[in-house]
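What follows is calculated from the coordinates using simple rules that are stated; it is not laboratory data. Treat the numbers as computed from the prediction; the structure is a model and nothing was measured. Counting neighbours? That spans all protein chains shown, and the Cβs are built from the backbone with ideal geometry, glycine included.
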Amino acid sequence: MRVLAHIHTMNDAAVIGQLMDALQRQTRQPDAILIVDNASGDGTLARTFPEKATIVRNPKNLGTSGAVRIGFNYALEHGFDWTWIFDADSVPEPDVLENLLVFFEDLPKTAREQVCFLGCWPHTTTGTIKERPIALEGSNLKYLLPGSAGDSTPCDCTMWSGSLYRMEAVARIGLPSADYMLDIAELEYGYRARQAGFSSYIVHNGVIHHDVGRGPGAPQLVYRLGPISCRFYETPPARCYYCARNWIYFWLYQCHPRPITRALRAIARACVLTIGFAVRPFGHHRQLTACLRGIRDGLTMHMERRY
């Protein structure tokens, strides 16, 4: 089985080297590496890469989902069986790829044919779970806890980074939507995979570390006034826009049959995010504007727009 390691980058000069080293240390190394760069301006690509690495330079930022779409298409065109996806600040343990493939080979043949992806347990540098995987139950989301028994946990969605996608499944599901850019693109793709009858798993002995070498993309701030505490996210304006827009669009227009309760929750979530910046207008006016634009474009189905 041929495995392509896909790395999407944007201004990752400070962290990409540690991921390249981690891939070289794998007990079962990927057969090739594809680096999809979203118009970096910091010298991310100004280094020596292994011979088996191919670089795609995008003239503008296509977002994570746009870069993953390019990676999947490359893998399909070049006959790879799997694509292993990475953010540049992710570092897998040395035995992860081997463990994922062994898990797949140990599945019954009928189960192997239905696999969409095999995911890792995503840890932060402090050892906590970066993001819990999701099981889709109709219009409900079930956030899964780390498995305490067995060797895997069935799921429908997890982070792109660290996930090993089977190209036969991708060929049937189709490519990810580039319009989602950043947020919930994994959920949208997992929804399509489930609709097509595919299954996915979190493999317990596959551990990947995130935010290595830099802080999380949306750090939290907690303000306390006596017994009362308020939690706010310090989210960049672009992330505010896509978070608000994508959640609303997915639940209101893409998920069928249309889950009205979930759609209303998505709108409420976007409004809460907006209020979090409205009560802190000094220094957060760009985030506030981005949230309002995202709500507008999600409700009016303008997924082609960019921040």
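See the values below:
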{"item": "Net charge over other residues, Cβ less than 14 angstrom from the Cβ of residue 39 (K, R count +1; D, E count -1)", "result": "0"}
{"item": "Ranked list, fewest to most other Cβ atoms within 10 Å of each Cβ, for 117, 80, 198", "result": "198, 80, 117"}
{"item": "Ranked list, fewest to most other Cβ atoms within 10 Å of each Cβ, for 243, 291", "result": "243, 291"}
{"item": "Ascending count of other beta-carbon atoms within 10 Å, so fewest first, for 203, 102", "result": "102, 203"}
{"item": "Loop-exposed trypsin sites (Lys or Arg not before Pro) per DSSP, neighbour cap 11 Cβ within 10 angstrom, longest uninterrupted part of the chain", "result": "61-307"}
{"item": "Residue 8 long-range amide H proximity, modeled H, under 5 Å", "result": "36, 86, 88"}
{"item": "Summed residue charge, Cβ within 15 Å of residue 124's Cβ, Lys/Arg positive, Asp/Glu negative", "result": "-2"}
{"item": "Stokes-Einstein D (µm²/s) once Rh is taken as the Kirkwood radius of segment 100-161 over alpha-carbon pairs, at 25 °C in 0.890 mPa s", "result": "188 µm²/s"}
{"item": "Translational diffusion of the chain, µm² s⁻¹ [Kirkwood Rh, Cα pairs; Stokes-Einstein; 37 °C; 0.692 mPa s]", "result": "163 µm²/s"}
{"item": "Stretch gain in nm, segment residue 29-residue 77, where the contour uses 0.36 nm per residue and the Cα spacing is subtracted", "result": "15.2 nm"}
{"item": "The chain - percent relative contact order, Cα under 8 Å, separation 6 or more", "result": "18 percent"}
{"item": "Hits among lysines - C-alpha to C-alpha of residue 142 under 25 Å, sequence gap 8 or more where chains match", "result": "130"}
{"item": "Full-extension gain in nm, residue 260 to residue 47, via 0.36 nm per residue minus C-alpha separation", "result": "71.7 nm"}
{"item": "Lys, Arg +1 and Asp, Glu -1 on Cβ, resulting dipole of the chain about Cα centre, debye, nearest 20", "result": "1300 debye"}
